[in-house]
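Participant: Would you mind keeping the following structure in view while I ask a few things?
Rule-based calculations on the coordinates, nothing more; no lab input. Just so you know, these numbers come straight off a predicted model, no measurement behind them. Cβ sites come from the backbone with ideal geometry, for glycine too, and all protein chains shown count toward neighbours.
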Amino acid sequence: MKIKHFDVVVVGAGPAGLMAAEELAQRGVHVAVLERDQIPGKEKPCGGFLTAKGMVDGRIPLSLAERVTSGVSISISKQPLRQVNYENPIGVQLTREALGTYLCKRARKNGVEVYLNHEVIECKRDNGCWKITVRDTPYTVQSPLLVGADGVSSTVARLTGLRRRFTRNQLGITIQARVELSPATITERFGKRMEFYYGSNICPFGYAWIFPKHDCLYVGIGSLLSATTTSLDSYLTYFIQGHPIASTQLEGGRVSKIERALVPLTYRTGSYGEALLLVGDAAGHCSAITGEGLHYSIAAGRIAGRIGADCLARSDVSARMLRRYEHLWQREIGNDLKWGVRLRNLFFRGSQTESISFGMGLDYRFLKLAADLIVGFRSYRDLVLQAAPLFLWHRVRGLGRAKGSN
């Protein structure tokens, strides 16, 4: 069997993998990306909102945007939508297919060899080199350094034993519909805003979203897997057809596609090993409160590329050297991921959640804090510290209302 040799093999052509590969190639590293699908990102359910900061960090051109976003609308417990508008654009709406195709072309221009329809089925390390087997190919791929960027159910993580599988309490489950509407209708109803809905009537331990694209809407629901006892299909159907606000916003739309996915909703270390790195969803680089992962994947991918290139230049890809990767991503995005878990537990725990949420939904101060978090203007730690007094105040009021009704 033939052997193809590279300095680094990246498994997975999502934003994390392609950013890592590009950073490596720009530093003179011979790198290959092995992607299971034919079109990077096409089969990845994703709301497709990229913050302004994510665009800058990933050097993503505005030409990829289907719509520019400058506002957020939030509804809590069936209350009317409350708007938080910003003077300048806060991000863009795009599709993962368009983003994946662009990043793939850009990586190739920088010297990355991208192999599509290449599903990794085995990877073993022998004599300081990874030997990687790809399904239905007449060759193996070898490299001294391996990067796993192959998603929440990472084959690389499983085959190498670097980390255990995520538990049900560490995973979110999402279902998303593509709803066709005319561009004019979308502009009339949504303007430049995206919408978020919270409350137990939406789904247990989760929320719903409507992200307007050019000629369609991405309408989805996400929930903590361990809190989900039934299929989310019924929740999505109710949201589209029966929710008093969302059904009006979606009236006349046609559902053309349904997608489902798991997302990591936990803070986890252990993203490196001997000659091995994990990035993106494979490493849990995803918000525990919103499920957003594009910005974190881009940031972690770039860090992985820089550290990987430096270690190769020193001819040392040991875990001792590669641990700098985890140190740097923790410093850049770790606080957000860690505080995101704390925030999730704070706002979704206890029997008075619905009553508290109702009160906070009427408080514009909280809505502004939440919107700032969603669009990347505020850190999770800052939100927790700022929102905690409001939460306690509304918790006391919620308890008072609950006692008064008994």
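Participant: I'd like the distance separating the alpha-carbon centroids of region 142-213 and region 8-68, in whole Å.
Facilitator: 16 Å
Participant: Of the candidates Gly293, Gly199, Gly191, which one comes out as most mobile in a Gaussian network treatment of the chain with C-alpha springs shorter than 10 Å?
Facilitator: Per the Cα network of the chain with a 10 Å cutoff, Gly191 tops the list.
Participant: Here is a follow-up. I need the peptides 207-214, 102-109, 312-319, 271-278 ranked by packing, meaning the mean over residues of other C-beta atoms within 10 angstrom, with the highest value on top.
Facilitator: The packing order, highest mean first, is 271-278, 207-214, 102-109, 312-319.
Participant: Further question: Quick one: which residues, 5+ away or cross-chain, put their amide H under 5 Å from the amide H of Val33? H built at 1.01 Å from N.
Facilitator: Those lying under 5 Å, H to H, from Val33 are Val10, Glu113, Val114, Tyr115.
Participant: While we're looking at this one, here's another question. Per-residue ellipticity at 222 nm for the chain, helices alone: DSSP H runs ≥ 4 residues times -39500 (n - 2.57), over residue total, nearest 500 deg cm²/dmol?
Facilitator: Result for the chain: -11000 deg cm²/dmol, rounded to the nearest 500.
Participant: Only Cα pairs under 8 Å and at least 6 apart count here; give the relative contact order of region 26-140 as a rounded whole percent.
Facilitator: That works out to 35 percent.
Participant: Averaging sequence separations of C-alpha pairs under 8 Å and six or more residues apart, then dividing by the length of region 157-286, give the relative contact order as a whole percent.
Facilitator: So the answer I get is 33 percent.
Participant: For region 168-182, just list the computed ³J(HN,Hα) in residue order, Karplus coefficients 6.51, -1.76 and 1.60, θ = phi - 60°, integers in Hz, with x standing in for Gly and Pro.
Facilitator: 4, 7, 9, 10, x, 10, 10, 9, 9, 10, 9, 10, 7, 8, 6
Participant: Considering only Ala246, Gly128, Pro212, whose Cα is most displaced toward the positive end of the charge dipole of the chain, charges sitting on Cβ of Lys, Arg (+1) and Asp, Glu (-1)?
Facilitator: Gly128
Participant: Something else: Only Cα pairs within less than 10 Å get springs; with that Gaussian network setup on the chain, which residue of Lys257, Lys53, Lys78 has the largest fluctuation?
Facilitator: Lys257
Participant: Another one. What is the sum of charges around Phe377, taking Lys and Arg as +1, Asp and Glu as -1, for the other residues whose C-beta is under 13 Å from the C-beta of Phe377?
Facilitator: For residues surrounding Phe377, the net value is -1.
Participant: Additional query: Students often check this: by mean Cβ neighbours within 10 Å, which of 11-18, 332-339 ranks highest, and how do the rest follow?
Facilitator: 11-18, 332-339
Participant: Still on this structure, I have one more. Taking the Cβ of Gly191 as the centre, find all other residues whose Cβ is under 15 Å away and add up their charges (Lys, Arg: +1; Asp, Glu: -1).
Facilitator: Here the charged neighbours net out to +2.
Participant: Go through region 309-326 residue by residue and turn each phi into a ³J(HN,Hα) via Karplus (6.51, -1.76, 1.60, θ = phi - 60°); whole Hz please, and just put x for glycine and proline.
Facilitator: Calculated HN-Hα couplings, in order: 5, 5, 5, 5, 5, 8, 6, 9, 10, 6, 4, 4, 7, 6, 5, 4, 4, 5 Hz.
Participant: Follow-up question, since we're still on this one. Give me the distance between the Cα centres of region 77-105 and region 250-269, rounded to whole Å.
Facilitator: Using only Cα atoms to place each centre, the spacing works out to 14 Å.
Participant: Here is a follow-up. Run the reach check for Lys109 against lysines, Cα to Cα strictly under 23 Å, same-chain hits fewer than 8 apart removed. What comes back?
Facilitator: The qualifying lysines are Lys4, Lys42.
Participant: Stokes-Einstein diffusion coefficient for the chain at 10 °C in a medium of 1.306 mPa s, Rh from the Kirkwood formula over Cα pairs: what value in µm²/s?
Facilitator: Taking Rh from Cα pairs, D becomes 72 µm²/s.
Participant: Under 18 Å between alpha carbons, and skipping anything fewer than 8 positions from Lys2 in its own chain: which lysines qualify?
Facilitator: Those lysines meeting the cut-off are Lys124, Lys131.
Participant: While we're looking at this one, here's another question. Normalised by the residues of the chain, what does the relative contact order come to in percent, with Cα pairs under 8 Å and at least six apart?
Facilitator: Relative contact order for the chain comes out at 19 percent.
Participant: In region 27-94, which GluC sites (Glu not before Pro) are in a loop and have at most 16 other Cβ atoms within 10 Å, using DSSP for the loop call?
Facilitator: When the GluC sites (Glu not before Pro) of region 27-94 are filtered for loop state and at most 16 Cβ neighbours within 10 Å, Glu43, Glu87 remain.
Participant: Let me test this: with uniform point scatterers at the alpha carbons of region 1-132, what is the Debye-based log₁₀ I(q)/I(0) at q = 0.19 1/Å?
Facilitator: -1.07
Participant: Tally Lys and Arg at +1 and Asp and Glu at -1 over the other residues with C-beta under 10 Å from the C-beta of Cys216: what net charge comes out?
Facilitator: +1
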